[in-house]
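Q: This is the structure I have questions about; it appears just below.
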Amino acid sequence: MAQEVYLMRVTRLKNVRIVDGIHASSKPTDLYLVGPSLARQLPPETRIDATYDLEDHIAMAGGIDIHTHIGGGKVNLARLMWPERSTKEANEKPWLGPLSAPVPGTWETGQRYLQMGYTTCFEPAMLPANARQSHMEMRDTPWLDTGGYVVLGNDRMLLNMIALGAGQEAINDYVAWMVASSAAMAIKVVNAGGIDAFKFNQRQLNVDEVHPALPVRPRDILWSLSTAAEELGLAHPLHVHCSNLGTPGNIASTLATLDAVEGRRIHLTHAQYHCYGSDGPHGFSSEASKLADRVNRTNHISIDVGQILFGQTITLSADTMHQFANRKFASPRKVIFQDLECQAGCGLLPFRYKESQFVHGLQWSIGLELFLRIQDPTRVFLTTDHPNGGPFTGYPHLIRLLMDYDFRMSIFDRLHPDVRSVSTLPSLKREYRLDEIASITRLGPARALGLQNRGNLNPGSISDVAIYRNDDNPETMFSSPTMVFRCGELVLRDGLILGDCQKTVLISDFQTRQDALRWGARPEHSARWQKLYGYSPWLTALRTDEFAEEGLRVEHAHWHR
Ligand SMILES: [Zn+2]
């Protein structure tokens, strides 16, 4: 160790308060960045290259976004639909202004995440056929380490296997191939079976409803995929976008989805859109307490919220079925729909969330209810499902909503009067503490993704560190870290970017990774794929050494049982 320390840059962060959701002490201490790792103590003779006295500052690990759309086909369609405006010239501090477009280009995405202290982001909807393109865009997004979840559950290969009773072992082999050949961190399922059912003109598919052309129910798909994730030992559990997105009364199918995995690990994404009732004057009500109760009573469920924030955005989803249902709400009025490679679909429409609108106001309060009702901050994660609920640049504002009851109520008081009469939000007086903010933005996502060396400031963890100056206004504090370090290098100071950094792609390891790529080499599999999709499975398969050839580091994440 001592030998290595001499070769690496050593930075001392002096008198800083560590806030990572693990270390409880509020006393200032010293933290060392030794090349790519953190240390709490060093031998006395160690050469220190730089010291920063950080009295009145806190240190957090680099932020982790577990679900943000930053690479792939839909993201590019959104850029085409709403090209960038030029707003920067007029703005003295461009990192505090609005994004140049609801879905900005790669450079702006990386820059704006870094300027909030975020260093790791995951694209949650990578189609197998588009995996190479998604990874290329993420590689082109500077300052962020990235990974992607491969979308399964509407792919004809899997649906046919379940319909024909191929058995779990064969499904595991197929899923292993899909994860390995897409260089994925996890499996994502979007409206299990529903996207494919939409291609048969169906407008809804409940968890126990049979697909119109195949003897398969969403429940069977959820069971098979969650079992595959568990038996293969993937780092992250099945990442689920439930059936009936945005539909009044969908709490029933959300709870049925949780039942379908029979106690296996599961992550529900943008859960805000999936806990609605159908009561009240508008036939739309909050059932956030039912989902929060389920999370609180069990320990195998995590969620990210998908909070909505008022303003203009674009919604984009592989869930063609429900995007089609929302087409009449497009604002401005334009839409794009696609069916993709017999593997999924996609729909995009611009959307404006308004304080004066009953449904939008209630959605806003439902998201906050989830944050405030779920007790364990390492199992509820801060997301807006960027760009669907609003841009990721709204995170500091969202943090203030969670930490400041009076601020929350000052916005609540401006909502539609019927929201104010039905919502229970005013009774939830909880205010998040800083260590809980660290948990929902760092520690929790890292644990859910099997990344033990990220999301915390333990000795040996990666030296991605964000320094924030204490401020009574958390929005000011979290929108302008005074320093951000990536792998031990100071890359941002007072909003200004100082340099580039090495990037890492994160991929799930699993027990049969060595054998996974053999699946596509078997003639019977290759022939079936060719017949269904019209091309060889090897046409789109990625090799992990391709990343190294492009200068990326590859890190494998593990499930810590
Ligand atoms: Zn999403």
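Q: Please pick out the residue among LEU451, LEU490 that is of a type outside the set (Lys, Arg), in contact (Cβ under 8 Å) with a residue 24 or more places away in the chain, touching a strand residue (DSSP E or B) at 6+ places or on another chain (Cβ under 8 Å) and in a loop (DSSP other than H, G, I, E, B).
A: Values: LEU490 fails: in a loop (DSSP other than H, G, I, E, B).
Going through LEU451, LEU490 in turn, the sole match is LEU451.
Q: Examine the stretch 248-260 for a residue that is of a type in the set (Ser, Thr, Tyr), in a helix (DSSP H, G or I), closer than 23 Å to PHE358 by Cα and within 16 Å of the ligand (Cβ to nearest atom), and state whether such a residue exists.
A: Within the stretch 248-260 (the criterion being of a type in the set (Ser, Thr, Tyr), in a helix (DSSP H, G or I), closer than 23 Å to PHE358 by Cα and within 16 Å of the ligand (Cβ to nearest atom)), the answer is yes, since at least one residue qualifies.
Q: Sticking with this structure for a sec: Please give the number of the condition PRO445 fails out of (1) in contact with a Lys or Arg (Cβ under 9 Å, 6 or more places away or on another chain); (2) part of a loop (DSSP other than H, G, I, E, B); (3) buried (at least 19 other Cβ atoms within 10 Å of the Cβ); (4) on the phi < 0 side of the Ramachandran plot.
A: Going through (1) in contact with a Lys or Arg (Cβ under 9 Å, 6 or more places away or on another chain); (2) part of a loop (DSSP other than H, G, I, E, B); (3) buried (at least 19 other Cβ atoms within 10 Å of the Cβ); (4) on the phi < 0 side of the Ramachandran plot one by one, PRO445 breaks only (2).
Q: List the helices (runs of 4 or more DSSP H) inside the stretch 499-561, counting only whole elements, that have at least 1 residues being under 20 Å from GLY233 (Cα atoms) and polar (S, T, N, Q).
A: 513-516
Q: Please work out if ARG433 is surrounded by fewer than 19 Cβ atoms within 10 Å (Cβ to Cβ), of a type outside the set (Ser, Thr, Tyr), in contact with a helix residue (DSSP H, G or I) (Cβ under 9 Å, 6 or more places away or on another chain) and within 26 Å of ASP53 (Cβ to Cβ).
A: For ARG433, the condition - surrounded by fewer than 19 Cβ atoms within 10 Å (Cβ to Cβ), of a type outside the set (Ser, Thr, Tyr), in contact with a helix residue (DSSP H, G or I) (Cβ under 9 Å, 6 or more places away or on another chain) and within 26 Å of ASP53 (Cβ to Cβ) - is met.
Residue by residue, here is whether (1) modelled with pLDDT of 95 or more; (2) surrounded by 15 or more Cβ atoms within 10 Å (Cβ to Cβ); (3) within 16 Å of the ligand (Cβ to nearest atom) holds:
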residue	(1), (2), (3)
ALA78	no, yes, yes
TRP82	no, yes, no
SER86	no, no, no
PRO104	no, yes, no
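Q: State yes or no: is LEU348 part of a helix (DSSP H, G or I), under 27 Å from ILE266 (Cα atoms) and in contact with a helix residue (DSSP H, G or I) (Cβ under 8 Å, 6 or more places away or on another chain)?
A: On the way: part of a helix (DSSP H, G or I): no; under 27 Å from ILE266 (Cα atoms): yes; in contact with a helix residue (DSSP H, G or I) (Cβ under 8 Å, 6 or more places away or on another chain): yes.
Spelling it out, it is not the case that LEU348 is part of a helix (DSSP H, G or I), under 27 Å from ILE266 (Cα atoms) and in contact with a helix residue (DSSP H, G or I) (Cβ under 8 Å, 6 or more places away or on another chain).
Q: Looking at LEU222, LEU238, which is the one that is crowded, with 24+ Cβ neighbours inside 10 Å, touching a residue at least 24 places away in the same chain (Cβ under 8 Å), closer than 18 Å to GLY194 by Cβ and within 16 Å of the ligand (Cβ to nearest atom)?
A: Residue meeting the stated conditions: LEU238.
Q: A follow-up question, please. Considering only residues of the stretch 114-134 that are outside any loop (DSSP other than H, G, I, E, B) and within 16 Å of the ligand (Cβ to nearest atom), which is modelled with the lowest pLDDT?
A: Once the filter is applied, the top-ranked residue is ASN130.
Q: Checking the condition crowded, with 24+ Cβ neighbours inside 10 Å and either closer than 24 Å to ARG79 by Cβ or free of Cβ contacts under 8 Å to residues at least 12 places away in the same chain (or both), which residue from ASP385, ASP339 passes?
A: It is ASP385.
This table checks each residue for (1) polar (S, T, N, Q); (2) over 15 Å from the mean Cα position of the chain (by Cα); (3) within 16 Å of the ligand (Cβ to nearest atom); (4) within 19 Å of ALA271 (Cβ to Cβ).
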| position | (1), (2), (3), (4) |
| --- | --- |
| ARG379 | no, no, no, yes |
| TYR395 | no, no, yes, yes |
| TYR405 | no, yes, no, no |
| MET409 | no, yes, no, no |
| ASP413 | no, yes, no, no |
| SER423 | yes, yes, no, yes |
| LYS429 | no, yes, no, no |
| ARG433 | no, yes, no, no |
| GLU436 | no, yes, no, yes |
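Q: Every residue in the stretch 135-149 that is away from the ligand (no atom under 13 Å from the Cβ) and either surrounded by fewer than 24 Cβ atoms within 10 Å (Cβ to Cβ) or closer than 17 Å to ALA318 by Cβ (or both), please. So that I can check it myself, show each step before the final result.
A: First pass over the stretch 135-149, keeping only residues away from the ligand (no atom under 13 Å from the Cβ): 135-147.
Correct list: MET136, GLU137, ARG139, ASP140, THR141, PRO142.
Q: Another question, if that's okay. Taking into account only those residues within the stretch 300-344 that are in contact with a Lys or Arg (Cβ under 8 Å, 6 or more places away or on another chain), assigned to a loop (DSSP other than H, G, I, E, B) and modelled with pLDDT under 95, which is farthest from the ligand (Cβ to nearest atom)?
A: CYS342
Q: Quickly run through the stretch 509-532 and pick out the residues that are modelled with pLDDT under 90 and hydroxyl-bearing (Ser, Thr, Tyr).
A: Once the filter is applied, which keeps residues that are modelled with pLDDT under 90 and hydroxyl-bearing (Ser, Thr, Tyr), the stretch 509-532 yields only THR512.
Q: Quick one: how many residues across the stretch 412-430 are in contact (Cβ under 8 Å) with a residue 40 or more places away in the chain and either assigned to a loop (DSSP other than H, G, I, E, B) or at positive phi (or both)?
A: Here is the first cut: in the stretch 412-430, the residues in contact (Cβ under 8 Å) with a residue 40 or more places away in the chain are 412, 414-416, 418-419, 422-425, 428, 430.
Subsequent filtering for residues that are either assigned to a loop (DSSP other than H, G, I, E, B) or at positive phi (or both) retains 414-416, 423-424, 428, 430.
Total satisfying the criteria: 7.
Q: Take the conditions in contact (Cβ under 8 Å) with a residue 40 or more places away in the chain and farther than 24 Å from GLU123 by Cα and apply them to GLY361. Does it pass?
A: yes
Q: Determine, yes or no, whether MET161 is hydrophobic (A, V, I, L, M, F, W, C) and surrounded by fewer than 23 Cβ atoms within 10 Å (Cβ to Cβ).
A: yes
The values are calculated or read from the model by the stated rules, or taken from the named source; none is laboratory data. Since the structure is predicted, the reported quantities are computational estimates derived from the model, not experimental observations. Note that each Cβ is placed from the backbone with ideal geometry, even for glycine, and that neighbours are counted across all protein chains shown.
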